[in-house]
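The values are calculated or read from the model by the stated rules, or taken from the named source; none is laboratory data. Everything numeric here is computed off the predicted structure, so don't read it as measured data. Here Cβ is always computed from backbone atoms with ideal geometry, including for glycine, and neighbour counts include all displayed protein chains. Side chains are part of the model used for accessible areas, which takes the heavy atoms of the whole protein and leaves out ligands, DNA and RNA. Shrake-Rupley method; radii C 1.70, N 1.55, O 1.52, S 1.80 Å.
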Amino acid sequence: MYGIGILKGLGVTLKHFVETYVDDFRWLGKRYYNEEAYAVRQGPKATGIFTVQYPEEKLIIPENFRYLPFILYEEKDDGSIEDRCTSCGICPKICPPQCIWIVRSNDPETGRPIPAPTEFFIDIDICMSCGLCAEYCPFDAIKMDHVFEIASYERMEHHILNKEQLSKPVSYYSSIQPKNFRREEEARVAKEAAKAAKKKEREAKKAAS
Ligand code: SF4
Ligand code: SF4
């Protein structure tokens, strides 16, 4: 019969509408600005129609959320830091809108290039958050950040991020993407073990010949 689909659709809307008031009643006016109620509203048990009261309330960001890239550095036991980036040049090449610029470091004595960046810039007005730079980096040196509240009136200073503004420790990365971090660390350990085993095998062959 004609119109059944429309009636079903209206029924769904009406159900959500009524559930909104039922849920309001259940929380006795504490449905908003309340962490427990907010967790329910954002979870699978949410009922009714509601609004997230941003900025007081913020959606819980999933691990694989991506906004802008940042670059990683390792914190060493002696207090020093070491960039993971080797300035290999892959991410500027792969970036579709070409918004990454890198200046490779040179050895002050020999003048020869060394695997580290002196400068690293990303124009965040051009970045389209595709995540390809993070996907292709062979050194896990660039990752996608969760920070999204970065609006400003000034373009040059705040929207072209330099190496200092882009750099964050590996511990920060592990805090925002714990599963990805664990997976990558396991892969790294396995790769190192395979490399060490091959080296041992080569040395044993050499000693035997
Ligand atoms: S996220 Fe995409 S657009 Fe942004 S810097 Fe990386 S590759 Fe370029
Ligand atoms: S791909 Fe990785 S290592 Fe290579 S320049 Fe980009 S961030 Fe650095």
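A few comments on the model shown:
- To the nearest 10, the accessible area of Glu201 is 110 Å² with a 1.4 Å probe.
- Label point at Thr51 placed 7 Å out along Cα→Cβ; residues across the stretch 18-33 whose backbone nitrogen lies under 19 Å: 18-25, 29-33
- Potential lengthening of the chain between Phe139 and Glu119 amounts to 5.5 nm, from the contour at 0.36 nm per residue minus the alpha-carbon distance.
- Stretching Arg104 away from Ala187 to a fully extended chain increases their span by 27.1 nm, per 0.36 nm per residue minus the current alpha-carbon distance.
- Rounded Å value of the spacing that divides the Cα centres of the stretch 25-62 and the stretch 168-209: 43
- Peptides 68-80, 6-18 ranked from most to least packed by the mean count of surrounding Cβ atoms within 10 Å: 68-80, 6-18.
- Summing charges over neighbours of Glu192, with a neighbour being any other residue whose Cβ is under 12 Å away from its Cβ, gives +3 when K and R count +1 and D and E count -1.
- Set of lysines with alpha-carbon distance to Lys200 below 25 Å, sequence-local pairs under 8 removed: Lys191
- Per-residue ellipticity at 222 nm computed for the chain from its helices equals -12500 deg cm²/dmol, with DSSP H segments shorter than 4 residues left out and the rest contributing -39,500 (n - 2.57).
- Karplus-derived HN-Hα couplings along the stretch 105-122 (A = 6.51, B = -1.76, C = 1.60, θ = phi - 60°), whole Hz, x at Gly and Pro: 7, 10, 5, x, 7, 8, x, 7, x, 10, x, 7, x, 7, 10, 8, 10, 9
- Relative to the longest principal axis of the Cα atoms of the chain, the long axis of helix 4-27 makes an angle of roughly 80 degrees.
- Net charge of neighbours whose Cβ lies under 15 Å from the Cβ of Val22, counting Lys and Arg as +1 and Asp and Glu as -1: +3
- As a length-normalised measure over Cα pairs under 8 Å and 6 or more apart, the relative contact order of the chain settles at 19 percent.
- Most mobile listed residue (Ser175, Ser105, Ser152) in the chain, GNM with C-alpha springs under 10 Å: Ser152
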